[in-house]
Amino acid sequence: MRIVTLFATAAVSATLAASLSAQGTARSDGAAPELKEWTVPWGARTRPRDPFADTRGNVWFVGQEGNYIGALDTKSGEFRRYEIDAGTYPHNLVVEKGQVWFTGNRNGRIVRLDPATGKLTTFMIPDSSVRDPHTMTFDPRSGVAWFTAQNAGAVGRFDPATGQFRLWKTGESTRPYGIVLDSKGRPWFDLFGTNKLGTIDPKSLELKTFTLPDGKAHPRRIAITSDDQLWWGDYTRGYLGHLDPRTGKMEEWALPNGAASMPYAMTADDRDVVWVAQGGYENVPASLVAFDTKTRKFIATIPVGRPGANTIRHMTFDRATRQIWFGTDQGTIGRVLVPPAVLVQ
């Protein structure tokens with residue numbers, strides 16, 4: 001395993017009290033989100049994305065088009081690169097118990113990287129039609145991973161202890177995409193090719209779907225708050241949606257950029273504020289929008305990167321440091337430091 005070490009300086013570092021849009025302002029005590037971005041030294045064309053923080057100050061990410069796994073030391077600004085098999089095109093990763101797990105989006109595998117040695121351990125998905133594992137999440141209680149496979153139209157469960165897989169076929173046109181776990185270990189996922197959300201009962205193994213009210217809706221990513229409430233971004237219509245799994249009730253709110261929002265990455269922080277990435281287009285930069293699920297109000301908008309196609313595809317919230325991590329199509333790894341108090345209108 002060849003490991004390359006490079007250094008890069010932060011591209012952007014700013015406190016954004018002055019940048020918050022009309023959707024929200026900082027608290028009177030001056031608390032505001034802080035945005036910082038690091039330029040990945042291997043170029044935007046390698047598509048660095050899907051960062052995930054470990055417990056040692058490192059943020060791991062995939063180089064989807066570069067066939068590598070990257071790590072950023074947030075204290076020194078040092079980048080490390082781990083080469084992986086050509087043709088893997090890693091799409092997403094998770095750090096679990098010190099090990100880095102990633103999906104092989106074009107060769108039907110889930111791979112474990114040991115950061116200490118650089119050793120790769122490969123687990124092949126037994127169904128050859130499921131060649132594109134997409135987004136993955138781990139259940140820390142059971143140690144089981146769940147993942148989507150968009151083009152194959154499948155959702156999978158993988159047990160690292162046994163190496164066994166279980167697959168549910170949802171149909172090729174359904175395009176399973178984002179996935180999260182609730183407090184009971186149930187996976188929830190978007191069926192991006194439809195106007196549906198889905199879930200699987202981990203005990204009965206039954207797959208159930210929920211149809212969104214508007215037939216034109218296409219949910220792409222999904223977030224979950226501490227009360228097991230589901231939130232989705234409607235990529236085609238520019239809405240933030242909410243599902244109460246207990247009652248089946250659904251609601252939605254138009255995002256600040258309206259139909260041009262193209263909501264993509266999503267996550268929820270530890271105060272149940274949902275953060276949604278609006279896509280960059282024409283002369284408008286991408287932005288992160290914060291929605292307070294308690295007041296049902298948008299409370300902040302943070303511009304990210306330069307104007308143009310600056311898509312943010314996935315985000316994760318690190319509870320230990322209260323930081324949201326994301327990658328951009330302009331070749332940066334970024335984070336938003338969430339203030340200790342919720343922003344107010």
Gained length - Ser173 relative to Ala260, 0.36 nm times residue gap less alpha-carbon distance: 28.9 nm
Residues of the range 61-105 with amide N under 14 Å of the 7 Å Cα→Cβ point at Lys119: 99-100
Cα centroid of the range 161-201 to Cα centroid of the range 123-149, whole Å: 10 Å
DSSP-defined beta bridges in the chain - what % are antiparallel, rounded to 5: 100 percent
Spacing of the two label points (7 Å from each Cα toward its C-beta) at Ser128 and Lys216, in nm: 4.2 nm
Test item: Cα-centred dipole of the range 32-85, Lys/Arg +1 and Asp/Glu -1 on Cβ, debye: 80 debye
Net charge dipole size for the range 133-205 [Lys, Arg +1 and Asp, Glu -1 on Cβ; Debye, nearest 20]: 140 debye
Rounded if a/c under 1.5, otherwise prolate or oblate - the chain, Cα gyration tensor axes: oblate
Protection-proxy order for peptides 120-128, 56-64, 326-334, 81-89, each taking the mean of Cβ atoms within 10 Å per residue, highest first: 326-334, 56-64, 81-89, 120-128
Relative contact order of the chain, defined on C-alpha pairs under 8 angstrom at six or more residues apart (%): 15 percent
Positive-end extreme of charge dipole, the range 184-303 - chosen from Ala260, Gln229, Ser204 (charges on Cβ): Ser204
Protection proxy ranking, peptides 144-156, 268-280, 234-246, average beta carbon neighbours within 10 Å, highest first: 144-156, 268-280, 234-246
19 Å Cα-Cα threshold exceeded, pairs from Lys249/Lys294; Lys208/Lys249; Lys203/Lys249: Lys203/Lys249
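Every number in this text was worked out from the coordinates using simple rules, so none of it is lab data. Since this is a predicted model, take the numbers as computed values, not measurements. Positions of Cβ are backbone-derived with ideal geometry, glycine not excepted, and every protein chain shown enters the neighbour counts.
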